[in-house]
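These notes concern the structure reproduced below.
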Amino acid sequence: MGSKLLSFWVGVMVLGFYSGSAVSSKYNLPEPQTIIAQQIYDQHIWALWICLVIFIAVFGVMGYSIVKHRKSAGYKAANFHHSTTVEIIWTAIPCIILIFMAWPATKTVIAMKDTTESDITVKVTGYQWMWGYDYLQGEGEGIKFYSQLATSQSEIHNETPKGENYLLEVNNRLVVPVGKKIRIILTANDVLHAWWVPALGVKQDAIPGFIRDTWFTADNVGVFRGQCAELCGKEHGFMPIVVEVVEEQQYAQWVADQLKTAATDANAAIINAAAK
Amino acid sequence: MKLDEPRINVKMLRKLLVFSVMMFGFGYAMVPLYEKFCEVTGIYELQQPDVLDKNAKVDETRIINIQLDANVRGLPWSFRPLQSAIQVHPGKSAEVIYEISNQSDKTQAGQAIPSYSPRNLERYLKKFECFCFTQQELEGGETRQMAVRFVIDPELPKDVHTATLSYTFFSLMKD
Amino acid sequence: MAVVQDVHGHVHGHPTGIMRWIGATNHKDIGTMYLCFSLTMLFIGGFLIMGVRAELFMPGMQIFEPEVFNSFTTLHGLIMVFGAIMPAFVGFANWQVPMMIGAPDMAFARMNNWSFWLLPVAASLLIGSFFVPGGAAAGGWTFYPPLSTQGGLGVDMMIFAIHILGASSIMGAINIITTILNMRAPGMTLMKMPMFVWTWLITAYLLVLVMPVLAGTVTMLLTDRHFGTSFFNAAGGGDPVLFQHVFWFFGHPEVYIMILPSFGIVSEVIPTFARKPLFGYSSMVYATASIAILSCIVWAHHMFSVGMPAAGQLFFMYATMLIAVPTGVKVFNWTATMWRGSMTFETPMLFAIGFILLFVIGGFSGVVCALVPVDIQVQDTYYVIAHFHYVLVSGSLFSLFAGAYYWLPKWSGRMYDETLGKWHFWLSMVFFNLTFFVQHFLGLAGMPRRIPDYALQFADFNMISSIGAFGFGLAQLLFVYIVIKCLRSGEKAPDMPWDGAKTLEWTHLPTPAPYHSFETPPVVKF
């Protein structure tokens, strides 16, 4: 029974790892789009391999023991219960293994905190239940908009078929240029939220009354999706994040369009006010 | 069974109860401890003007990009800095202007709470004038421009080039 | 309860009927009540999560409004942690600690009674909060402000319930510490105590250390909500993040409060069925103590995404990873205990081995979570859910089952049905992994926790997980049947049903254990 159990588990783990190594599979972290996300991805795989080796070693021994040292096989119990040497060895080895895991992690932690010298700074504000984006500095300064779930209520309530990006589409995407360092400043309007885009390797809580910062530099163009990751009330599951990374030229065009619309809106507001 | 056993037990009960009460107090003690910790590490803002050190040398070799940010919570006010960022040399005093305007027709009071990024910036950003030291009361429709005068301590760690100074106005009315 | 009464019915010289339970001061009666209570709560908490898993069976909103969904997950967490797992361990302590150290009863019999009877009061407050306007608390079992300052009456009921549960736990812990330190039989030195007693002594110290801090936290939350203080409110000069620090200062040791006694139970079961003494007894004691001490300095690893300075993140990462070392020592010691033993695989042993296997998987995912960069990705996702269910369900709950099957013959004088017990184990094992193993993948692929609806790419794993959860829930009904069958019509248990058992309750007491045991302390010789 024991050996079957063991081989079953080894099989499951190996399968898990095999599929886990496949980039962008649904068994693993999404395909990394930034240096930090790549480091996270590699460290996770590294940690998994270490765990797998330890797992096989420990449960190999235990499995052998379960098969061989059973009463039904007529095995007589030994009576040892102590060995200082062995105890020291199996305290020291895990310590050394942990150092090998902690070392790369430490370097990444320091890199993650380096938000300085960014090209564009965007303030992200969490609201119950949507995100607000303000381009504070850099190209696009002055652009501000809200970003809300674009999935219809009828899809959510199973009245119409669900689209491809069900619950992961917004009305206004955060648009950023590729290859530029984007500094994200986070705060919240009411309760805690967390801004999380897995492919960019970014997750940071948004705290009302305080600002926090994080950063990313996207290596490739594309659309990357995430969700609020801190329980923020009833619509917590319905405030996705969509980041659209575009070529620099396209970004300049987008900025121009946004600023023009904003100016038209402002004019309209002034005219409306005057008309009143 | 020894006769004095219950007395030992009662003594131990008393000790453990006192310990529990102390730990309850410790929960509360974490509030000032946390503030103290944040103050030492420069995360927590004291609502006090800093004293300007006249001898501070201006470090012309470095330029720090200070981004300015403004937020309002629970008030019908608009609140913004007149410039989005300022470039300063450490040691040189700088002034930035924020503008608040009450868009309702009632008199309202608010208090601004500052926040910094990176979080240890507070230790190096010496403010000798700030609208956040006192509460601000605005009449209906009133607009006010307020200054923050500060100097960046030249001791600011070398790897900091960009920083953010943020204020959030909170309503002082109880709802 | 009537069933249990039958078992003790033949014993005379103590109150009978309902008064026996209301006024109970006997440690065995109180232990029984704790165990019945926690089993009831296990099914209530389980019922709540069945609702949650039913909603998550398919994408789209089918059953709940999101707010009700949130209160179901919140109450599931609170009820399982404070209502099911913790009282179950206290129940085991009540039954076993006096018998294992040769004491006649717990040190403070009257206080013991109070600490039990506070529990149903707190439980009714928690469950009752579903029926008040505004519904039950919906801010997660960690009830972070400012969200928890927004809730209605349900949140206040939850705060009050937590106060009561805290008081109950503190009284229970004081009782256990005093019993262990002052009432051991002559010859039973500290380093000769059974591992279960050792782990409970350390757990009880952790309880008096951190439960008052939790009481302080919820009191601050209460005054923030109603009396105008601003501990956690930025507008008044407070900080919402402070709550997380204070909460997790309690919350992390709490995790070990729920797992250390499991280590104790497994350390009793494995030597018995391997017919070989526990390997490295003293290193087990030291490992338990170092886990307890380390558990007090790692709390902020629950908060890696709040934006701590790098130095803070690194400190908490290193401290957290260090916990893997004493935990590893324990696993190696259990393996060494089994090595060259003469093993049999009755239900308690199966649950103990299942515990080690799955707890180690939970431990591995714990180390993965300790790495700050990886945690940034998996924090607040299903990966974390999978991680802590591997340590709390296949950890704490499996060890509770192991202990229940192991000591049931001693408590009731009857044997449980071995075949059904094995069925219970294998069903639990299969359905547990079906439920939670796939949740690792869900988390990695990016599904946040505490959401009532999810994107389409998560659909298949969620369906597998829900099927597993329903199966796991149903399998636990089998446990109730096995226990009832054992008490009603189980075979008479011999004095020594397990030939490898070496602790006092087996060697010095008849089976079933008499109502009053060790009124004259036994002489302990090793």
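The values are calculated or read from the model by the stated rules, or taken from the named source; none is laboratory data. Quick caveat, the model's predicted, so the values are computed rather than measured. All Cβ positions, even for glycine, are placed from backbone atoms using ideal geometry, and neighbour counts span all protein chains on display. Just so you know, the surface numbers come from the protein's heavy atoms only, side chains and all, with ligands and any DNA or RNA stripped out. Shrake-Rupley method; radii C 1.70, N 1.55, O 1.52, S 1.80 Å.
With both partners inside chain A, how many of the DSSP beta bridges are antiparallel, as a percent to the nearest 5? Don't skip to the answer; put the middle values down first.
On the way: 31 of 43 bridges.
Looking only at bridges with both residues in chain A, the antiparallel portion is about 70 percent.
Karplus couplings for region C:361-366 from phi (6.51 cos²θ - 1.76 cosθ + 1.60, θ = phi - 60°), rounded to Hz, Gly and Pro as x?
4, x, x, 4, 5, x
Would you mind getting me the FRET efficiency between A:ASP257 and C:HIS226? Use the beta-carbon distance for r and R0 = 51 Å, nearest 0.05.
Working: r = 50 Å, r/R0 = 0.98.
Efficiency at R0 = 51 Å is approximately 0.55.
Could you state the accessible area per residue of region C:35-171 in Å², with a 1.4 Å probe and every protein chain left in place?
Details: 3960 Å² over 137 residues.
In whole numbers, region C:35-171 has 29 Å² accessible per residue.
With heavy atoms of protein chains only and a 1.4 Å probe, what residues of region C:92-106 have at least 20 Å² less accessible area in the full set of chains than alone?
Flagged in region C:92-106: C:PRO104.
Quick one: check the C-alpha center-to-center distance for region C:483-501 versus region A:61-137, whole angstrom.
With region C:483-501 and region A:61-137 each reduced to a Cα centre, they are spaced 42 Å.
In whole angstrom, note down how far apart the Cα centers of region C:331-390 and region C:117-139 are.
Rounded to whole Å, the Cα centres lie 33 Å apart.
Give me the number: length gained by fully extending B:GLU129 to B:VAL18, i.e. 0.36 nm times residue separation minus the C-alpha to C-alpha distance, one decimal in nm.
Once the chain is fully extended between B:GLU129 and B:VAL18, it gains 35.3 nm.
On the first, second and third principal axes, largest extent first, how far apart are the outermost C-alpha atoms of region C:104-195 in Å?
58, 24, 15
Given the pairs A:LYS26/A:LYS107; A:LYS144/A:LYS260; A:LYS144/B:LYS106, which are separated by over 19 angstrom at their Cα positions?
Values: A:LYS26/A:LYS107 28 Å; A:LYS144/A:LYS260 12 Å; A:LYS144/B:LYS106 28 Å.
Check vs 19 Å cut-off fails for A:LYS26/A:LYS107; A:LYS144/B:LYS106.
Given 0.36 nm per residue, what is the gain on full extension from B:SER78 to B:ILE97 after removing their alpha carbon distance, in nm?
Working: separation 19, 0.36 × 19 = 6.84 nm, distance 1.41 nm.
Full-extension gain reported as 5.4 nm.
Step through the table entries A:LYS71/C:LYS525; A:LYS113/B:LYS126; A:LYS203/A:LYS234, compare each Cα-Cα distance with 26 Å, and write down the pairs that go over it. Intermediate results must be reported in sequence, preceding the final value.
Details: A:LYS71/C:LYS525 28 Å; A:LYS113/B:LYS126 23 Å; A:LYS203/A:LYS234 21 Å.
Result: A:LYS71/C:LYS525 exceed 26 Å.
In the structure shown, do any of C:LYS28/C:LYS330; A:LYS68/C:LYS502; C:LYS330/C:LYS492 have a Cα-Cα gap over 26 Å, and if so which?
Details: C:LYS28/C:LYS330 30 Å; A:LYS68/C:LYS502 24 Å; C:LYS330/C:LYS492 35 Å.
Beyond 26 Å: C:LYS28/C:LYS330; C:LYS330/C:LYS492.
Where the centroid of each part is defined by its Cα atoms, how far is region A:216-234 from region A:146-162 in Å?
Distance between centres, Cα-based: 19 Å.
Rounded to a whole number, what % of the accessible area of region C:348-512 do carbon and sulfur atoms account for, probe 1.4 Å?
Carbon and sulfur together cover 71 percent of it.
Kindly list the residues of region A:65-87 that lie in the label zone of C:GLU418, defined by a backbone N under 14 Å from the point 7 Å along the Cα-to-C-beta vector.
So the set is A:71-73.
In debye, nearest 20: dipole of chain C around its Cα centre with unit charges on the Cβ of K, R (+) and D, E (-)?
Values: 21 positive and 23 negative charges, 240 e Å.
Rounded to the nearest 20 debye, it is 1160 debye.
Say the dipole of the protein assembly as shown comes from +1 at the beta carbon of Lys and Arg and -1 at that of Asp and Glu; which of C:PHE518, C:PRO98, A:ALA262 then lies farthest toward its positive end?
Farthest towards the positive end: C:PHE518.
Say the dipole of chain C comes from +1 at the beta carbon of Lys and Arg and -1 at that of Asp and Glu; which of C:PHE232, C:TRP498, C:GLY354 then lies farthest toward its positive end?
The residue sitting farthest along the positive end of the dipole is C:TRP498.
Excluding A:GLY163 itself, what net charge comes from residues whose Cβ is under 11 Å from its Cβ, given Lys and Arg +1 and Asp and Glu -1?
Numbers: positive: A:LYS162; negative: A:GLU155, A:GLU164, A:GLU169.
Here the count lands on -2.
If you average 1/r over all unlike Cα pairs in region A:51-165 and invert the result, what Kirkwood radius do you get in angstrom? Spell out each step's value before the answer.
Values: mean 1/r = 0.0457 Å⁻¹.
Here the Kirkwood hydrodynamic radius works out to 21.9 Å.
Under 26 Å from the Cα of B:LYS15, which lysines turn up, not counting those fewer than eight places away in the same chain?
B:LYS2, C:LYS192
Using only helices, what value at 222 nm comes out for chain A when you add -39,500 (n - 2.57) per DSSP H run of length 4 or more and divide by the total residues, to the nearest 500 deg cm²/dmol?
On the way: 5 runs with 115 residues, N = 276.
The per-residue figure over chain A is -14500 deg cm²/dmol.
Which ³J(HN,Hα) values in Hz, rounded to whole numbers, follow from the phi angles of region A:85-91 under the Karplus curve 6.51 cos²θ - 1.76 cosθ + 1.60, where θ = phi - 60° and Gly and Pro get x?
Values, residue by residue: 4, 4, 4, 5, 4, 7, 8 Hz.
To the nearest 500 deg cm²/dmol, what mean residue ellipticity at 222 nm is calculated for chain C from DSSP H runs of n ≥ 4 alone, each contributing -39,500 (n - 2.57), summed and divided by the residues? List each step's numbers first, then the result.
Numbers: 20 runs with 353 residues, N = 526.
So the helix-based figure for chain C works out to -22500 deg cm²/dmol.
Considering the convex hull of the alpha carbon atoms of region C:348-512, report its projected area averaged over all viewing directions, in nm², one decimal. Don't jump to the answer; show the numbers that get you there.
Values: hull surface 43.2 nm².
One quarter of the hull surface, i.e. the mean projection, equals 10.8 nm².
Debye sum, Cα scatterers, the protein assembly as shown, no solvent: what log₁₀ I/I(0) at q = 0.05, 0.07 1/Å?
Taking Cα atoms of the protein assembly as shown as identical point scatterers yields -0.32, -0.63.
Report the FRET efficiency, 1/(1 + (r/R0)^6), for C:HIS516 and C:PHE43, where r is their Cβ-Cβ distance and R0 is 30 Å, rounded to 0.05.
Values: r = 32 Å, r/R0 = 1.07.
With R0 = 30 Å, the Cβ-Cβ based efficiency is 0.40.
Just the Cα atoms of chain A, one point each, no solvent: what log10 I(q)/I(0) does Debye give at q = 0.11, 0.17 Å⁻¹?
One equal scatterer on each Cα of chain A leads to -0.80, -1.38.
Dipole size in debye (nearest 20) for chain A around its Cα centre, Lys and Arg Cβ +1, Asp and Glu Cβ -1? It would help to have the intermediate numbers written out before the result.
Working: 21 positive and 24 negative charges, 299 e Å.
Dipole size: approximately 1440 debye.
Roughly how many nanometres apart are two label points built 7 Å out from the Cα toward the Cβ at B:ARG144 and C:LEU477?
With each label placed 7 Å out from Cα toward Cβ, I get 6.8 nm.
Could you pull the Cα extents of region B:64-171 along its three principal axes, largest to smallest, in whole Å?
47, 21, 20
Between beta-carbons, use under 13 Å as the cut-off and find the net charge around A:ASP42, counting Lys and Arg +1, Asp and Glu -1. Kindly include the intermediate steps, with their values, before the conclusion.
Values: positive: A:LYS107; negative: A:GLU31.
After counting each charged neighbour, the total is 0.
Search the structure for amide H atoms under 5 Å from the amide H of C:MET343, placed 1.01 Å from N in the peptide plane, and list their residues when 5 or more places away or on another chain.
A:ARG70, A:LYS71
Quick one: compute the contact order of chain C, relative version, from alpha carbon pairs under 8 angstrom and 6+ residues apart, as a percent. Provide the component values of the computation, followed by the final result.
Working: 835 pairs, mean separation 93.5, N = 526.
Worked out over chain C, it gives 18 percent.
Out of B:CYS132, B:GLN83, B:ASN65, whose Cα points farthest toward the positive end of the dipole of region B:64-171 (charges: +1 Lys, Arg; -1 Asp, Glu; placed on Cβ)?
B:ASN65
Starting from the Cα of A:TYR64, step 7 Å along the direction of its Cβ; do the same at C:SER489; then give the gap between the two resulting points in nm.
Those two pseudo-labels are separated by 4.7 nm.
Rounded to the nearest whole Å³, what is the per residue volume of the convex hull around the Cα atoms of region C:235-317? Don't skip to the answer; put the middle values down first.
Values: hull volume 8.7 nm³, N = 83.
Per-residue hull volume (Cα only) is 105 Å³.
Need one word for region A:120-275: rounded, prolate or oblate. Basis is the Cα gyration tensor (sqrt eigenvalues a ≥ b ≥ c); a/c below 1.5 gives rounded, then a/b vs b/c decides.
rounded
Taking the Kirkwood radius as the inverse of the mean 1/r across Cα pairs, report the Rg/Rh of chain C.
Values: Rg = 22.5 Å, Rh = 23.6 Å.
The Rg/Rh ratio comes out at 0.95.
With charges only on Cβ, +1 for K and R and -1 for D and E, what is the dipole size of region C:387-526 about its Cα centre, in debye, rounded to 20? Don't skip to the end; give the middle numbers.
On the way: 10 positive and 9 negative charges, 25 e Å.
Result for region C:387-526 is approximately 120 debye, rounded to the nearest 20.
When Lys and Arg each count +1 and Asp and Glu each count -1, what net charge do the other residues less than 9 Å away from A:LEU231, Cβ to Cβ, add up to? Can you show the working numbers first?
Details: positive: C:ARG449, C:ARG450; negative: A:GLU230, C:ASP380.
Surrounding charge for A:LEU231 is 0.
Starting from the 7 Å offset along Cα-to-Cβ, what nm value, one decimal, do you get for the label separation of C:LEU190 and C:TYR286?
With each label placed 7 Å out from Cα toward Cβ, I get 1.5 nm.
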